[in-house]
Amino acid sequence: MLCVGIEGTAHTFGVGIVSSEGEILANVSRAYRPPEGGIHPREAARFHAANAKAVLDEALTAAGIRLSDVDLFAFSAGPGLGPCLRTAATAARALAARMEKPIVGVNHCVAHVEIGRLLTGAVDPVTLYVSGGNTQVIAFDAGRYRVFGETLDIPVGNCFDVFAREVGIPFPGGPNIERLAREGKRYIPLPYVVKGMDLSFSGLMTEATRKYRSGVDLRDLCFSLQETAFAALVEVTERAVAHIEKREVMLTGGVAANGRLREMLGMMAEEHKAKFFVPPMEFCVDNGAMIGWTGILAYEHGVRQELEETVINQRWRTEQVDVPWRE
Ligand code: ATP
Ligand code: FE2
């Protein structure tokens with residue numbers, strides 16, 4: 001079976017083509033980049049609509065198949081930005097209707113975990129999913145993917161991006177902060193917020209910005225921002241590992257590119273005698289292949305949706321997702 005997966009929860013419009021054997025035949029993405037400031041959902045959606053056909057065509061060509069070879073269409077049904085989700089869903093519905101093939105809506109967060117399991121060989125990991133739009137510690141427990149900890153305000157990638165913008169670090173914020181942090185020499189205390197199993201990064205962002213304005217060295221601040229944010233992320237992930245006694249840790253999302261976070265999380269995993277996995281970056285960031293693969297898992301385990309049932313859900317929570325393929 002061949003599945004076309006369409007991702008469109010935020011900046012990225014992606015099309016992946018995946019087989020039921022887990023082979024990725026194509027994975028093509030284009031990302032909307034706002035001219036300045038943060039993301040404008042309607043502008044991003046317009047970008048997705050304008051690029052949908054080109055990205056699909058490119059994916060079909062890369063896979064060496066025709067649209068008529070496709071057996072299933074999957075799309076990111078949430079969580080994400082309403083206008084973006086609607087655009088991806090509309091594209092998938094149009095294709096499924098025209099080709100008279102089944103369609104399934106996929107949860108974006110669960111898809112990050114599933115593509116990671118497919119590509120790294122991790123079987124049952126505690127996953128730290130960290131990006132510009134999400135920060136969650138996820139693990140499978142009692143028949144569902146559960147969120148063991150998450151941010152109560154802004155995601156960690158957003159914390160980095162906004163800080164970068166406020167202090168004039170050029171786009172992309174994350175990688176540039178990482179580069180500057182390597183030259184930092186001094187740890188400046190910043191708000192470290194872990195509440196139970198949950199996290200908060202807005203106070204950290206505000207205080208780091210304030211310290212910059214009062215003249216603190218930017219390299220020291222980048223270093224301290226990373227150390228503080230990552231220590232909190234590692235603490236919560238570690239508690240999940242200890243509590244549910246998993247032997248695997250996986251890191252994914254755009255922030256997984258960060259070498260320091262990999263190092264810190266890897267050390268924690270080693271202390272717990274857990275294996276540590278990071279998928280290739282192409283599959284850590286938002287991508288169509290993860291939607292296609294999760295669509296296949298769902299369909300092959302009996303998930304069916306009529307066209308009119310393929311609604312989006314901006315706030316679709318990870319633990320609300322049925323995962324018959326893992327039971
Ligand atoms: P999602 O829809 O999953 O929330 P996204 O739209 O944020 O995804 P991604 O490409 O997955 O897109 O992630 C981008 C985020 O990753 C940005 O916040 C960026 O700053 C962060 N990032 C990228 N590289 C690094 C790095 N080296 N260090 C820290 N953060 C990074
Ligand atoms: Fe994502």
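Any chance region 120-131 includes a residue that's modelled with pLDDT of 95 or more, under 19 Å from Met1 (Cβ atoms) and not β-branched (Val, Ile, Thr)?
no
Residues are listed down the side, and each one gets a yes or a no for (1) at pLDDT 95 or above; (2) under 20 Å from the mean Cα position of the chain (by Cα); (3) within 16 Å of ligand 1 (Cβ to nearest atom); (4) surrounded by fewer than 23 Cβ atoms within 10 Å (Cβ to Cβ):
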position: Ser200; (1), (2), (3), (4): yes, yes, no, yes
position: Leu218; (1), (2), (3), (4): yes, no, yes, yes
position: Arg247; (1), (2), (3), (4): yes, no, no, yes
position: Met264; (1), (2), (3), (4): yes, yes, yes, yes
position: Ala269; (1), (2), (3), (4): yes, no, no, no
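As an exercise: evaluate Ala74 against (1) touching a helix residue (DSSP H, G or I) at 6+ places or on another chain (Cβ under 6 Å); (2) not assigned by TED's automatic domain parsing to the domain that holds Lys273; (3) not in a strand (DSSP E or B) and give the number of the one condition it does not meet.
In the conditions (1) touching a helix residue (DSSP H, G or I) at 6+ places or on another chain (Cβ under 6 Å); (2) not assigned by TED's automatic domain parsing to the domain that holds Lys273; (3) not in a strand (DSSP E or B), Ala74 misses (3) alone.
Conditions first: (1) within 13 Å of ligand 1 (Cβ to nearest atom); (2) in contact (Cβ under 8 Å) with a residue 12 or more places away in the chain. Pro172 passes all but one, so which condition is the exception?
All conditions are met except number (2).
Contact list please: Cβ distance under 9 Å, first residue in region 154-165 and over 11 Å from Ala229 (Cβ atoms), second residue among the charged types (D, E, K, R), pairs at least six apart or on different chains.
Arg165/Glu36
Is there any pair linking a residue in region 222-235 that is touching a residue at least 24 places away in the same chain (Cβ under 8 Å) and part of a helix (DSSP H, G or I) to one that is among the hydroxyl-bearing types (Ser, Thr, Tyr) and surrounded by fewer than 23 Cβ atoms within 10 Å (Cβ to Cβ), with Cβ under 8 Å and at least six apart or on different chains, and which?
Phe223/Tyr187; Ser224/Tyr187; Glu227/Tyr187; Thr228/Tyr192; Ala231/Tyr192; Ala232/Tyr192
The values are calculated or read from the model by the stated rules, or taken from the named source; none is laboratory data. Not measured: the values here are computed from a predicted model. Here the Cβ is made from the backbone with ideal geometry for all residues, glycine too, and neighbour counts use every protein chain on show.
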